[in-house]
Amino acid sequence: MEGNSMGILSNFITLDPANILFLLFVGFVGGLVSGFIGSGGAFVLTPGMMSIGVPGTVAVASNMCHKFPKAMVGAYKRWKYGQVDIKLGLVMAISAILGVQVGIQIQEAILKSWGNAGSNLYVSTMFIIVLTIVGTYVFKDALNMAKSKDAKEETSALAKRIQSINIPPMIYFDKIGTKISFWVTFPIGFFTGLLAATIAVGGFIGVPGMIYILGTTSTVGTATELVIAFVMGLVGSVKWAMSGMIDIRLTLIILAGSLIGVQIGAAATTFVRPYLIKFVMGFIMLMVASSRVLAVPQYLSELNILHLEKQLLSALDQTSFIVMSLTLLAGALIIVFSMVRGKRELKKASTIAQVKVTD
Amino acid sequence: MKKENNKKIIPLLMWGALSLSSYLMIFLFQNEVLFYATRGGLFSVVPILFAFYFSFVHGAFASYLLPFIGVEAIIKKEAH
């Protein structure tokens, strides 16, 4: 067995106590952010794993496997808070499964042709493109909401136009309060799945898609995304497991931290105003994108496309890691601080009933 | 409140012990676990079952732990 396993294990890193502690911390913050913004646990975790030497494909596969049970827990909690549109979640999930299948085929083809460096470059480039576009939009929106006096969420003009499209089959969504064409929800679901199989984070398309195109509130969008993440995460994980890409040790370490983080994050959403959720989401997206930009020269050098001095590459790599770590820490502090402040305000008012997370 | 906490400390400790011992087993036999979890085919259920098992056991532990350390949510029913 040793002979066989050595061949398989060559794709997987050796774990030392420092790696384990780092992964536990990243898992906790990933869970915290994920419970809070409804997606994005894995966008913290994929680069986190890659920064300690896990190949891109294994990082994406192991993340997806940890994500679906965590999403299941998160979805259940948010459903109890009355924030989930189950029908919307299931309709989107079915289209997302198709996207996941296509995404995994692309990943496998890249890995076969260009190896781990090609796969790392592909995953990082997709991160940078998606995070920069979506992050900028979400961040701007959060700033506008924070500036406006009543700070209430309004349905976007685009969503209002989309809601008026009438191409059958039309589906009524409870939490949006109107009928929407399947042909609008299908592409959002499909690309959510495609992105999930590419960078292990489908929520970056799913959540803004539901908020800005379908017209859900950010609370409902982030909560419903967890249903999609569960369904497509389960299907995607089975597919990754078939090709033996899941490092179950990494999956389980991350799960240990994130299952605690996700419940704290989900509880924190009930204490804050919606613009803060968007602010944290936009901030983390843009910072993680910058961290990935710094990691790209290393992959280009491994592919012999770019030739830089080893010292410079190592400095860039370290800076990328530091930017990532500081971003995670800042995101975690904002969430925990908001919750503590919310609880304090609530105690002062002492008029709103509280229920325990486990009830 | 104190009585309530005392009542919940037993399941908290039980789930915590089960979770910790399960993690120890995985890492003591990590080569064997990885070998079977990465074989593909019918063995694909191995990582999926592990993920479900650990999220159940460790999730139960987390569910007892959080209210115990004062992490609670307020109910906010979402209007559209």
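One table, with the values for the structure above:
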item	result
Residue check, B:PHE56 over 11 Å from the mean Cα position of the chain (by Cα) and modelled with pLDDT of 85 or more	no
Filter result (at pLDDT below 85 and charged (D, E, K, R)) within region B:1-38	B:LYS2, B:LYS3, B:GLU4, B:LYS7, B:LYS8
Residue satisfying condition, being assigned to a helix (DSSP H, G or I), surrounded by fewer than 22 Cβ atoms within 10 Å (Cβ to Cβ) and not acidic (Asp, Glu), within set A:VAL207, A:VAL262, A:VAL238, A:VAL280	A:VAL238
Residue that is nearest to the other protein chains (Cβ to nearest Cβ), among those in region A:54-93 that are under 21 Å from A:TYR122 (Cβ atoms) and β-branched (Val, Ile, Thr)	A:VAL58
Whichever residue in region A:234-269 is over 23 Å from B:VAL71 (Cα atoms) and among the β-branched types (Val, Ile, Thr) and, among such residues, is nearest to the chain's Cα centre (by Cα)	A:THR251
Subset tally (residues that are away from every other protein chain (no Cβ under 12 Å) and surrounded by 14 or more Cβ atoms within 10 Å (Cβ to Cβ)) for region B:2-54	1
Single match in A:GLY27, A:GLY74, A:GLY48, A:GLY7 (criterion: farther than 30 Å from A:PHE182 by Cβ, crowded, with 24+ Cβ neighbours inside 10 Å and at pLDDT below 85)	A:GLY48
Counted residues, region A:252-265 - those being in contact with a Lys or Arg (Cβ under 9 Å, 6 or more places away or on another chain) and within 7 Å of chain B (Cβ to nearest Cβ)	3
Meets criteria (among the β-branched types (Val, Ile, Thr), surrounded by fewer than 21 Cβ atoms within 10 Å (Cβ to Cβ), more than 7 Å from chain A (Cβ to nearest Cβ) and within 30 Å of A:LYS343 (Cβ to Cβ)) for B:VAL57	yes
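The values are calculated or read from the model by the stated rules, or taken from the named source; none is laboratory data. Just so it is clear, the structure is predicted and the values come from calculations on it, not from any experiment. Note: ideal-geometry Cβ built from the backbone for every residue, glycine included; neighbour counts use all protein chains shown.
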